[in-house]
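Bear in mind that the values in this text are calculations on the coordinates, not laboratory data. No experiment lies behind these values; they were computed from the predicted model shown. Here the Cβ positions follow ideal geometry from the backbone for every residue, glycine too, while neighbour counts run over all protein chains shown.
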C-alpha cells in the first residue's frame, strides 16, 4: 500500500508542477494584436464595443471573449489563450467572428 501511495504522491507532484509551469509559460505568451493577419481575418478587436457592426452583423452587444466557449481562461482573467490564435492570448473584453457563446 505504501508503494502505491508513494507513486500517487510523486505523480501528483509531477503533474501539478507541470501544470504550474505550462500555465506560467502561457501567461507570458504574447497578446494578439489587432494588426495580426489572423486577427484581421476574424475581425478581432481587443474591445468588443469597437466591433464594426456593419461588417460583422453577427456581433451582439454583450458578446466578448470572456464568455466565449473558446476562451481558455476564467471570465475574470484579463487575457487568456484561444485556439483561434495559437500560442497567443486574447483580451477577455475582446471579440472575433469565431465567437461561440459558452454553454
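At residue 36 and residue 78, where each label point lies 7 Å from the Cα along Cα→Cβ, what is the point-to-point distance in nanometres?
1.7
Would you kindly work out the equivalent ellipsoid of region 24-97 from its C-alpha gyration tensor and give its semi-axes, the square roots of five times the eigenvalues, largest first in whole Å?
20, 14, 9
Treat the count of other C-beta atoms within 10 Å as a stand-in for reagent exposure and order 52, 64 from fewest to most.
In order of increasing Cβ crowding within 10 Å: 52, 64.
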